[in-house]
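Encoded as structure tokens, the structure appears first; notes follow it.
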Amino acid sequence: MAYIIAISGGIGSGKTLISNILRYMGYSVYDCDSNAKKIMDNSQTIKDYIKNNILSDAIINNQIERSVLANVVFKSKALLDKLNFIVHAEVKKDILSWISKYHEEDILFIETAILYQSGIDQLVDAVWEISAPKEIRIERVINRNKITREEVVARISSQNLESTYKKHPNTYRI
């Protein structure tokens, strides 16, 4: 059975850089953000849930309008919790399937910005917590996502809830 390490940290902290280096070195890395997007795009259940329970305007022609959805959920903890509830469950199922596929490898990595909120911390043996100064994170995300400073700060604030969770016993800060 593989030893599983979470690569965690807030938006813009450098998780993807670390993940890309690991992939270059030949390791398998599960990217929660990109897989969650694929799962959401392909799940009629999730789309219906968004339309009926979060914001009907976020679904147009059966497609998720991510900017509309993000604009609403990152301003409301209650709506973000609703979205996370359904998406996290599907992502965890997908991770378990991925782990079973690669279980013979020595080490597997899971990249996630919301380790504890998603419950993924319960699936891993150790955590690499990636950090960077807040202003650097803000600038990185503004440049990468082409969104406003206010939008980045709202996303960082929604992820800062992680500090209220008990840390994984094998956490290493990088």
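The values are calculated or read from the model by the stated rules, or taken from the named source; none is laboratory data. This structure is a prediction, so every number in the text was calculated from the model and none was measured. Because the Cβ atoms are built from the backbone with ideal geometry, glycine has one as well, and the counts that use them run over all protein chains shown. Side chains included, ligands, DNA and RNA excluded: accessible areas come from the protein's heavy atoms. Shrake-Rupley method; radii C 1.70, N 1.55, O 1.52, S 1.80 Å.
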ask   = Using alpha carbons only, how many degrees (0 to 90, rounded to 10) separate the axis of helix 149-159 from the longest principal axis of the chain?
value = 60
inquiry  = With just the Cα atoms defining each centre, how far is the stretch 107-127 from the stretch 1-41? Give it in Å.
reply    = 10
message = Give me the percent of accessible area attributable to carbon and sulfur for the chain, probe 1.4 angstrom.
response = 53
task = Compute the accessible area per residue over the stretch 86-134, keeping the other protein chains in place, probe 1.4 Å, unit Å².
result = 45
key: Rounded to the nearest 10 Å², the accessible area of Val68 at probe 1.4 Å   = 50
ask   = If each of Lys77 and Asp48 carries a label point 7 Å out from its Cα toward its Cβ, how far apart are those two points in nm?
value = 3.1
task = Taking the chain as the reference, fit the longest principal axis to its C-alpha atoms, fit the long axis of helix 32-42 to the helix C-alpha atoms, and give the angle between the two in degrees, 0 to 90, nearest 10.
result = 50
query = Over the stretch 97-136, what number does the Rg to Rh ratio reach, with both radii from the alpha-carbon atoms and Rh per Kirkwood?
reply = 1.05
key: For the stretch 59-75, 3J(HN,Hα) per residue [Karplus equation, 6.51 cos²θ - 1.76 cosθ + 1.60, θ = phi - 60°, Hz, x = Gly/Pro]   = 10, 10, 6, 6, 10, 7, 8, 4, 5, 5, 4, 4, 4, 8, 6, 7, 10
ask   = Could you give the nm distance between label points at Ile142 and Ser28, where each point is 7 Å from its Cα heading toward the beta carbon?
value = 4.0
inquiry  = Shape verdict for the stretch 17-108, please, from the Cα gyration tensor: rounded (a/c under 1.5), prolate (a/b greater than b/c) or oblate.
reply    = prolate
ask   = Using Cα atoms only, what is the angle between the long axis of helix 77-102 and the major principal axis of the chain, expressed in degrees (0 to 90) to the nearest 10?
value = 40
inquiry  = Which lysines, if any, have their Cα less than 16 Å from the Cα of Lys101, not counting same-chain residues under 8 positions apart?
reply    = Lys92, Lys93
key: Residue-span extension gain [Asp41 to Ile60] - 0.36 nm each, minus C-alpha spacing   = 5.6 nm
request  = Provide the percentage of antiparallel DSSP beta bridges, counting only those with both residues in the stretch 1-135; round to the nearest 5.
outcome  = 10
task = Would you mind checking which residues have amide H under 5 Å from Val127's amide H? H placed 1.01 Å from N; only 5 or more apart, or other chain.
result = Ala6, Asn170, Thr171, Tyr172
